[in-house]
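Student: Pasting a structure here, questions to come.
The values are calculated or read from the model by the stated rules, or taken from the named source; none is laboratory data. Only a predicted model underlies this, so the values are computations on that prediction, with no experimental measurement involved. Neighbour counts run over all protein chains shown; Cβ positions are idealised from the backbone, glycine included.
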Amino acid sequence: MDQAPSTHPALSLLENLPPRSAKPRVAGLTMVMDKGLSLMEAEAFLENAAPFTDLIKFGWSTGLFNRRLKDKIKLYQDAGIRCYMGGTLFEIYAVRQQVTTFKRLVEGLKLDTVEISDGSLDIPHDRKCEYITDFSKDFKVLSEVGSKDAEKIIAPYRWIAMMKAELSAGSELVIAEARETGNVGIFRSTGEVRSGLVEEILTQIPSEKILWEAPKKAQQTWFIRMQGADVSLGNIAPSEVIPLETLRLGLRSDTFGQFLGS
């Protein structure tokens with residue numbers, strides 16, 4: 001059986017590890033939320049976590065407050081990690097009729113990826129898809145589905161319809177909303193997974209086209225048990241990247257028996 005790639009030689013001695021794709025990955029992505037790491041903190045983070053990190057999102061508008069943002073972006077990109085500004089920043093510009101300014105900002109930062117979302121701003125879905133199509137001409141687009149408003153419940157058929165439309169409009173991946181708190185969108189206010197919603201989405205949308213926001217260990221465990229090691233997960237704290245990788249490989253008690261004998 002293929003073994004999980006790692007810089008740690010001890011893992012090469014272990015049998016019955018699940019297959020784990022290597023970077024650059026198209027499945028099993030880990031998206032990390034950077035909410036304002038300094039350049040030195042980013043360097044320390046990359047020392048161990050770079051092989052297991054695929055995407056870094058500068059959460060909501062926090063990227064605007066990074067004094068050495070361009071240096072940090074280059075640091076991440078040199079480590080083979082794609083960076084992008086949080087979707088809320090797109091909405092901040094959109095509500096002010098400054099989408100062109102946002103595009104210039106992203107270009108100036110030499111980012112190749114953008115997130116288009118409507119979690120805070122009500123954008124007609126046809127208009128959102130137009131934004132996706134427009135940005136996809138020059139960037140890789142990740143689009144987020146779901147509301148940040150815990151009171152706004154979206155029926156499963158609407159999740160599916162919106163995801164299909166956004167993928168058709170040019171999104172590379174659709175992101176299932178949960179916020180950095182993990183208590184909205186695909187999760188109940190308690191943090192419990194809306195399992196019926198997830199299962200219904202997966203009847204219509206290919207799993208490799210979805211990145212599930214899952215900031216909490218119990219949520220990550222649920223998705224790994226359901227979809228295996230190569231499920232794409234996001235809104236991971238920098239300090240949780242290595243713990244998540246151990247979950248993916250069955251090297252933590254929560255998934256200890258998941259892959260034994262497979």
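Student: Against the definition (among the aliphatic types (A, V, I, L, M) and surrounded by 21 or more Cβ atoms within 10 Å (Cβ to Cβ)), how does A49 come out, yes or no?
Tutor: When the stated conditions are applied, A49 passes them.
Student: Please work out which residue is surrounded by the fewest Cβ atoms within 10 Å (Cβ to Cβ), limiting yourself to the range 163-197 and to residues that are of a type in the set (A, V, I, L, M, F, W, C) and either more than 18 Å from the chain's Cα centre (by Cα) or modelled with pLDDT of 95 or more (or both). Write out each step before concluding.
Tutor: Filtering the range 163-197 for residues of a type in the set (A, V, I, L, M, F, W, C) gives 163, 165, 167, 169, 173-176, 178, 184, 186-187, 193, 197.
Right, trim to either more than 18 Å from the chain's Cα centre (by Cα) or modelled with pLDDT of 95 or more (or both) and you get 163, 165, 167, 169, 173-175, 197.
Details: M163: 23, A165: 18, L167: 20, A169: 21, L173: 24, V174: 25, I175: 29, L197: 20.
This residue is A165.
Student: Do we have Y93 as among the hydroxyl-bearing types (S, T, Y), crowded, with 16+ Cβ neighbours inside 10 Å, closer than 29 Å to K128 by Cα and without any contact (Cβ under 8 Å) to a residue 24 or more places away in the chain here?
Tutor: It is true that Y93 is among the hydroxyl-bearing types (S, T, Y), crowded, with 16+ Cβ neighbours inside 10 Å, closer than 29 Å to K128 by Cα and without any contact (Cβ under 8 Å) to a residue 24 or more places away in the chain.
Student: Considering every residue within the range 57-74, establish whether at least one is closer than 30 Å to L251 by Cβ and in a loop (DSSP other than H, G, I, E, B).
Tutor: Within the range 57-74 (the criterion being closer than 30 Å to L251 by Cβ and in a loop (DSSP other than H, G, I, E, B)), the answer is yes, since at least one residue qualifies.
Student: Still on this structure, I have one more. In the range 174-187, is there at least one residue being in a helix (DSSP H, G or I) and charged (D, E, K, R)? If you could, list the steps in order and put the result at the bottom.
Tutor: Going through the range 174-187, the residues in a helix (DSSP H, G or I) turn out to be none.
Looking for residues that are in a helix (DSSP H, G or I) and charged (D, E, K, R), one finds none in the range 174-187, hence no.
Student: Shifting gears a bit: So is L211 crowded, with 23+ Cβ neighbours inside 10 Å and in contact with a strand residue (DSSP E or B) (Cβ under 9 Å, 6 or more places away or on another chain) or not?
Tutor: Details: crowded, with 23+ Cβ neighbours inside 10 Å: yes; in contact with a strand residue (DSSP E or B) (Cβ under 9 Å, 6 or more places away or on another chain): yes.
Here the answer is yes, as L211 does meet what is asked.
Student: Name the residues in the range 1-35 that are surrounded by fewer than 20 Cβ atoms within 10 Å (Cβ to Cβ) and at pLDDT 95 or above, would you?
Tutor: Within the range 1-35, K35 is the sole residue that qualifies.
Student: Of all residues in the range 198-208, which are surrounded by fewer than 14 Cβ atoms within 10 Å (Cβ to Cβ) and either farther than 17 Å from E144 by Cα or in contact (Cβ under 8 Å) with a residue 12 or more places away in the chain (or both)? Outline the logic, then answer.
Tutor: Residues of the range 198-208 that are surrounded by fewer than 14 Cβ atoms within 10 Å (Cβ to Cβ), as a first pass: 199, 203-204, 206.
Hits for the range 198-208 are E199, T203, Q204.
Student: Return yes when I236 is surrounded by 15 or more Cβ atoms within 10 Å (Cβ to Cβ), within 19 Å of L29 (Cβ to Cβ) and touching a residue at least 60 places away in the same chain (Cβ under 8 Å) and no when it is not.
Tutor: Numbers: surrounded by 15 or more Cβ atoms within 10 Å (Cβ to Cβ): yes; within 19 Å of L29 (Cβ to Cβ): yes; touching a residue at least 60 places away in the same chain (Cβ under 8 Å): yes.
Criteria met by I236.
Student: Would you point out the residue of the range 247-262, among those that are surrounded by fewer than 15 Cβ atoms within 10 Å (Cβ to Cβ) and polar (S, T, N, Q), that is farthest from T181 (Cα to Cα)? Break it down into steps so the answer makes sense when it comes.
Tutor: Going through the range 247-262, the residues surrounded by fewer than 15 Cβ atoms within 10 Å (Cβ to Cβ) turn out to be 253, 256-257, 260-262.
Those left that are additionally polar (S, T, N, Q): 253, 262.
Values: S253: 23, S262: 33 Å.
That would be S262.
Student: What's the number of the condition M162 fails, among (1) in contact (Cβ under 8 Å) with a residue 24 or more places away in the chain; (2) under 25 Å from G80 (Cβ atoms)?
Tutor: (2)
Student: I'd like to check something: does the range 58-69 contain any residue that is exposed (fewer than 13 other Cβ atoms within 10 Å of the Cβ), touching a residue at least 24 places away in the same chain (Cβ under 8 Å) and within 22 Å of L105 (Cα to Cα)? First the steps, then the outcome.
Tutor: Restricting attention to the range 58-69, the residues satisfying the condition of being exposed (fewer than 13 other Cβ atoms within 10 Å of the Cβ) are 64-65, 67.
Still in the list and also touching a residue at least 24 places away in the same chain (Cβ under 8 Å): 64-65.
Narrowing the set further to residues that are within 22 Å of L105 (Cα to Cα) leaves 64-65.
Yes, that holds for at least one residue.
Student: Give me the residue from the range 96-123 that is small (G, A, S) and assigned to a loop (DSSP other than H, G, I, E, B) and, out of that set, surrounded by the fewest Cβ atoms within 10 Å (Cβ to Cβ). Spell out how you get there, then give the answer.
Tutor: Of the range 96-123, the ones small (G, A, S) are 108, 117, 119-120.
Pick out the ones that are also assigned to a loop (DSSP other than H, G, I, E, B) and you get 117, 119-120.
On the way: S117: 26, G119: 22, S120: 15.
Filtering first and then ranking leaves S120.
Student: Just give me the residues in the range 124-162 being assigned to a loop (DSSP other than H, G, I, E, B) and surrounded by fewer than 17 Cβ atoms within 10 Å (Cβ to Cβ), in sequence order. Can you show your working first?
Tutor: Residues of the range 124-162 assigned to a loop (DSSP other than H, G, I, E, B): 124, 137-139, 146-155.
Answer for the range 124-162, where residues must be assigned to a loop (DSSP other than H, G, I, E, B) and surrounded by fewer than 17 Cβ atoms within 10 Å (Cβ to Cβ): P124, K137, D138, D149, A150, E151, K152, I153, I154, A155.
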